[in-house]
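Encoded as structure tokens, the structure appears first; notes follow it.
A short reminder: the numbers here are calculations on the coordinates, not readings from a lab. Just so it is clear, the structure is predicted and the values come from calculations on it, not from any experiment. All Cβ positions, even for glycine, are placed from backbone atoms using ideal geometry, and neighbour counts span all protein chains on display.
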């Protein structure tokens, strides 16, 4: 996770710190690249907090990190899990120009629950992020959590909305409450229900689907490249 450990948003599913963030660390790209090289990673997933306080929302720092990793580890594949950048095409283009192997942005939850679960984020704006990234020739991925109070019909609607953007990779996992003050778990889905959702997504045309209780955004992420 880059750009510090404090987020400018306060989503109800997340336990990340929300104090005033520090300025981006100019040494972070090289530190990240050195870590990837040290562990001889074949696939690297980079994510970040949201930085609405920065003029470019951190886009250039993202580019610096991707380029630093590639300089030290030319063969590594890179997945970026980015914030919404307010769906600003010029910021998404910056990241696209760094040519990540997978561009990921999570919808997180269904349309109805978005206002109460995601701080500042908007359902349609997140779809726009995916749509813009796909139009730039990127391999696009998204993810949702279940167990927040959605219905199976809403899950189906959300998957269709994501697929309509051009995204071909999707992850579906069980929401777990990280702290007491976060949103409560409304339902624990069974393995059979996750299998049903997986089949639903495959039938819609997704090329790679990870669906299960322990699935998270980076779960088996390198497999999607195969």
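Brief remarks on what is shown
- Modelled spin labels at residue 93 and residue 187, positioned 7 Å past Cα toward Cβ, are 4.3 nm from each other.
- C-alpha long axis of helix 191-204 to longest principal axis of the chain, angle in °: 70
- On Cα atoms only, tilt of 123-135 relative to the major axis of the chain in degrees: 60
- Where a label projected 7 Å from the Cα of residue 1 along Cα→Cβ would reach, residues of region 41-72 with amide N under 17 Å: 45-53, 58, 62
- Förster radius 45 Å - calculated FRET efficiency between residue 160 and residue 34 (Cβ-Cβ, nearest 0.05): 0.60
- Between helix 152-164 and the chain: long-axis angle, C-alpha atoms, 0 to 90°, nearest 10: 40
- Each Cα pair under 8 Å and six or more residues apart adds its separation to the average, and for region 1-62 the resulting relative contact order is 45 percent.
- Dimensionless Rg ratio for region 15-84, taking C-alpha atoms and the 2.2 N^0.38 Å reference: 1.15
- Residues 190, 109 arranged by fewest to most Cβ contacts within 10 Å: 190, 109
- Binning the alpha carbon pair distances of region 28-225 at 5 angstrom intervals from zero yields the distribution 1, 8, 16, 20, 19, 16, 11, 7, 2, 0, expressed in whole percent.
- Within a Gaussian network of the chain (alpha carbon springs, distance under 10 Å), most fluctuating of 119, 142, 19: 19
- The mean sequence separation of alpha-carbon pairs under 8 Å and at least six residues apart, normalised by the residue count of region 28-225, gives a relative contact order of 17 percent.
- Most fluctuating residue given options 173, 137, 58, as computed from a GNM of the chain linking Cα atoms under 10 Å: 137
- For region 44-83 versus region 152-226, the spacing of their alpha-carbon centroids is 24 Å.
- By the count of other C-beta atoms within 10 Å, a proxy for reagent exposure, 156, 164, 48 are ordered fewest to most as 164, 156, 48.
- Every helix of 4 or more DSSP H residues in the chain counts as -39500 (n - 2.57), and over all residues that averages to -10500 deg cm²/dmol at 222 nm.
- Relative contact order of region 100-160, pairs being alpha-carbon contacts under 8 Å that are 6 or more residues apart, as %: 49
- As a proxy for reagent exposure, 189, 38 were ordered by neighbouring Cβ count within 10 angstrom, fewest first; the result is 38, 189.
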